[in-house]
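Since the structure comes first, as structure tokens, the remarks are kept for the end.
The values are calculated or read from the model by the stated rules, or taken from the named source; none is laboratory data. If you're wondering where the values come from, they're calculated on a predicted model, not measured in any experiment. So basically every Cβ, Gly included, is an ideal-geometry build from the backbone, and we count neighbours across all protein chains shown.
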Amino acid sequence: MYRAVLTVAAAAALVIGGVTPAVATPSSRLPGAPTSVQVSGAGDGAAVTWNAPRSGVTPTGYRVTVSPGTNQADRGVDRLPASARTDRFGWIRAGVTYSFTVRATTARGHGPEVRVRYTAPRTTTVAQSLYGLDASGAVVRFPTSGSGAARTVAASGAGYTADDVGDVFVPSSDGTKIRMYPARGGAPRVIATGLHLTADLRSDVAGNLYWVDSVSGAITKLGLKGTTTTVLPASGTKWTVGRDGTVTTYTPTSTGGSVVTATPGGAVQTREVATSYRNAIGYFTDVLSDGTGTLYVTYRAFGGSGYNGWWSLAPGSSTLEPVNTRLAYQYSATNNDSLVLGQSAEWCAAIAEQGPPNPCVADHTVTHLFSQDASGVQEDLPTSGVLARSNGLWLGAADTAGDLFVDAADGLWRIPAAGGAAQQVSTAQYSRLLVI
């Protein structure tokens, strides 16, 4: 599910599954069935290709679906322009049989659908990359394995984001254009102009792009058809985009916050959320989302401790549930289904660290890799080798496997999902870490 028309998956990809022919002759006022519909798979992706109908009226677009649509944007539905001849879907899981449909559309209605199926091999793994901004502001891509050559993608990448294919999107310095740097290399190209951008692009699994309009303050979306739409009229104090394209804003109140959620289909819900005991819980710092609709909200404790604690908010719920874990210096991130924390062996309150005559001294070594999934199940694994920064909110990035990537004082590190010794990826500093 990706922006624009992509080349069919690599030649080595396996074309699989049969075509279900149209069962009814379309009205002459509607387009006919797409022809030569095929699906091919490579890695954890699948590309659907087709040709235009041979009968009926000329289409004005195509509707492509995948089922099951778990973790896909807009529940697995893509609406593409008439020029489209291929659509790529990410997060295709090993051993699962997927059904893809393609149908031509017009303002009067749609023609018959054509269905193809694909089952990803059991050896399929999720292919992801780690991105970050180096000290010069360039976007650099790393393998998530922790080893392998890094590659500079864009020399000036402030506010960048990326999609699952590996295309990188960067707002122009004047905030009017978005430039795409193709995953397969080649010259960057401008994909949208006349915009009011802020230097903070976000993306979903489909490759839709989101930002806060610098004039109106609205959260704005650049969709697959190349058109911009307003998702929400305001961005709240903080905002986040889920993997499926759900956009959420968070505005703190004295005991929790006001949450506004817009689904990919356009349904908007407002919730006033609080803890079960409705007490004030601290100073709101940030909100993150996973790929299941769960939000994770962090508050800095009142007083001088400087500790940032996490709370989870289930889809549709109005109750913030505490993430019960140790007091620690920590790095934080979410992946598709969990909150992931790299936590230190010891901890001192900020006021105690600074306090004469005998300041508190704690071991900053990250010795715990903690995770909590959307159902509340926790895991705590031993690790070693990287030092946590002092009190504060330090956001990293996590991949699907649960590896945690952090920008420590001495460089970029990977804490393996299985625990054990952390790996230093680079001795340089990187900001705006992203795994996708």
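Does residue 326 fit the bill of being surrounded by fewer than 17 Cβ atoms within 10 Å (Cβ to Cβ) and of a type outside the set (Gly, Ala, Ser)? Yes.
The set of residues from region 59-102 being more than 22 Å from residue 36 (Cβ to Cβ) and of a type in the set (Phe, Trp, Tyr) comprises just one member, 91. The selection criterion, being modelled with pLDDT of 90 or more, more than 26 Å from residue 242 (Cα to Cα), surrounded by 14 or more Cβ atoms within 10 Å (Cβ to Cβ) and over 23 Å from the mean Cα position of the chain (by Cα), holds for residue 34.
Does residue 232 meet the test of being free of Cβ contacts under 8 Å to residues at least 40 places away in the same chain, surrounded by 15 or more Cβ atoms within 10 Å (Cβ to Cβ) and more than 15 Å from residue 159 (Cα to Cα)? Judged against the criteria, residue 232 is a match.
Taking the listed residues 247, 259, 268, the one that is within 25 Å of residue 129 (Cα to Cα) and in contact (Cβ under 8 Å) with a residue 12 or more places away in the chain is 247, with no other qualifying. Looking only at region 306-320, decide whether some residue is within 25 Å of residue 72 (Cα to Cα) and among the aromatic types (Phe, Trp, Tyr). No, the conditions are met nowhere in region 306-320. Among the numbered conditions (1) small (Gly, Ala, Ser); (2) surrounded by 14 or more Cβ atoms within 10 Å (Cβ to Cβ); (3) farther than 21 Å from residue 69 by Cβ, the only one that residue 242 does not meet is (3).
Let's see how each residue does on (1) outside any strand (DSSP E or B); (2) touching a residue at least 12 places away in the same chain (Cβ under 8 Å); (3) over 22 Å from residue 221 (Cβ atoms):
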{"site": "33", "(1), (2), (3)": "yes, yes, yes"}
{"site": "47", "(1), (2), (3)": "no, yes, yes"}
{"site": "50", "(1), (2), (3)": "no, yes, yes"}
{"site": "78", "(1), (2), (3)": "no, yes, no"}
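Would a scan of region 341-360 turn up a residue that is out of contact with any Cys (no Cβ under 9 Å at 6 or more places or on another chain), closer than 24 Å to residue 127 by Cβ and in a strand (DSSP E or B)? Looking for residues that are out of contact with any Cys (no Cβ under 9 Å at 6 or more places or on another chain), closer than 24 Å to residue 127 by Cβ and in a strand (DSSP E or B), one finds at least one in region 341-360, hence yes. Being touching a Ser or Thr at 6+ places or on another chain (Cβ under 6 Å) and either among the charged types (D, E, K, R) or closer than 25 Å to residue 434 by Cβ (or both) is a property that residue 349 lacks. The criterion of being assigned to a loop (DSSP other than H, G, I, E, B) and more than 22 Å from residue 243 (Cα to Cα) does not hold for residue 93.
Of these, 236, 186, which one is modelled with pLDDT under 95 and outside any strand (DSSP E or B)? Selected residue: 186, the only one of 236, 186 that is modelled with pLDDT under 95 and outside any strand (DSSP E or B). Out of 263, 298, one residue alone is outside the structural domain of residue 347 (by TED's automatic domain parsing), farther than 22 Å from residue 233 by Cα and either at pLDDT below 95 or not hydrophobic (A, V, I, L, M, F, W, C) (or both). It is 298. Restricting 346, 272 to those that are more than 22 Å from the chain's Cα centre (by Cα) and within 27 Å of residue 229 (Cα to Cα) reduces the list to 272. Looking across region 85-103, the residues that are closer than 20 Å to residue 30 by Cα and in contact with an Asp or Glu (Cβ under 9 Å, 6 or more places away or on another chain) come down to 101, 102, 103. The criterion of at least 2 residues that are closer than 30 Å to residue 207 by Cβ and in contact with a Phe, Trp or Tyr (Cβ under 7 Å, 6 or more places away or on another chain) is met, among strands (runs of 3 or more DSSP E) falling completely within region 245-311, by 247-252, 256-262, 283-289, 295-300. Look at (1) closer than 21 Å to residue 169 by Cα; (2) touching a strand residue (DSSP E or B) at 6+ places or on another chain (Cβ under 6 Å) and you find that residue 214 fails only one, number (2). Here residue 277 does not fit the description of being touching a residue at least 12 places away in the same chain (Cβ under 8 Å) and hydroxyl-bearing (Ser, Thr, Tyr). Here residue 186 meets each of (1) more than 22 Å from residue 127 (Cα to Cα); (2) out of contact with any strand residue (DSSP E or B) (no Cβ under 6 Å at 6 or more places or on another chain) with one exception, condition (1). Checking every residue in region 130-138 against the condition of being among the aliphatic types (A, V, I, L, M), without any contact (Cβ under 8 Å) to a residue 24 or more places away in the chain and either out of contact with any strand residue (DSSP E or B) (no Cβ under 8 Å at 6 or more places or on another chain) or crowded, with 16+ Cβ neighbours inside 10 Å (or both) gives at least one match.
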